[in-house]
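Accompanying notes for the structure given below.
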């Protein structure tokens, strides 16, 4: 019996002339492998937020403004690839966002807001979506041993797979 993997999720945004369909694979190829867990989490947050922001049709990419409570490269790259917000100068990291402060001792939030015109939607990662061990390893920073670093790398990949397999509305609270 052959088992086929489920197709990876996509996001649609309105480009300059036509709709642009962006696959997770394309975002991951752009990013590399450094922060796959947060890349997948942010991609799924976008899958939740963009339709809520513009329910009638995919939003115009050029109209999207992003505020992120998380400064990491996976978060930034997911937002940049889909929205081009960093390139357009409308991507802000605000570590003071109050929601989803899941990593004890680390000044960041696992929450995001996307705006277009006068509409804003947000998402906050729910506690338990990402295992506590991930946050322990992140909080250790440069004090991580090589064994812990290898564990973190494996954990990031597993989190990315699990998050991509889940429906976005099971992962986040809407803000």
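Any read-out appearing in this document is the output of simple, stated calculations on the displayed coordinates, not a laboratory observation. All values reported here derive from a predicted model rather than from experimental measurement.
Summary table below
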quantity	calculated
Region 1-72-region 109-123 distance, computed between alpha-carbon centres (Å)	14
Residue with peak Gaussian network fluctuation, the chain [Cα springs, cutoff 10 Å], from 101, 119, 127	119
Candidates 83, 42, 120, ranked by Gaussian network fluctuation over the chain, Cα under 10 Å, top entry	120
Nearest-ten-degree value, helix 36-53 long axis tilted from longest Cα axis of the chain	30
Relative contact order (%) - criterion: Cα under 8 Å, at least six apart; region: the chain	23
Cα pair distances in the chain, grouped into 5 Å bins until the bin that holds the longest one, percent each	1, 8, 17, 22, 21, 15, 8, 4, 2, 1, 0
Helical mean residue ellipticity (222 nm; -39500 (n - 2.57) per DSSP H run of 4+; nearest 500) of the chain	-12500 deg cm²/dmol
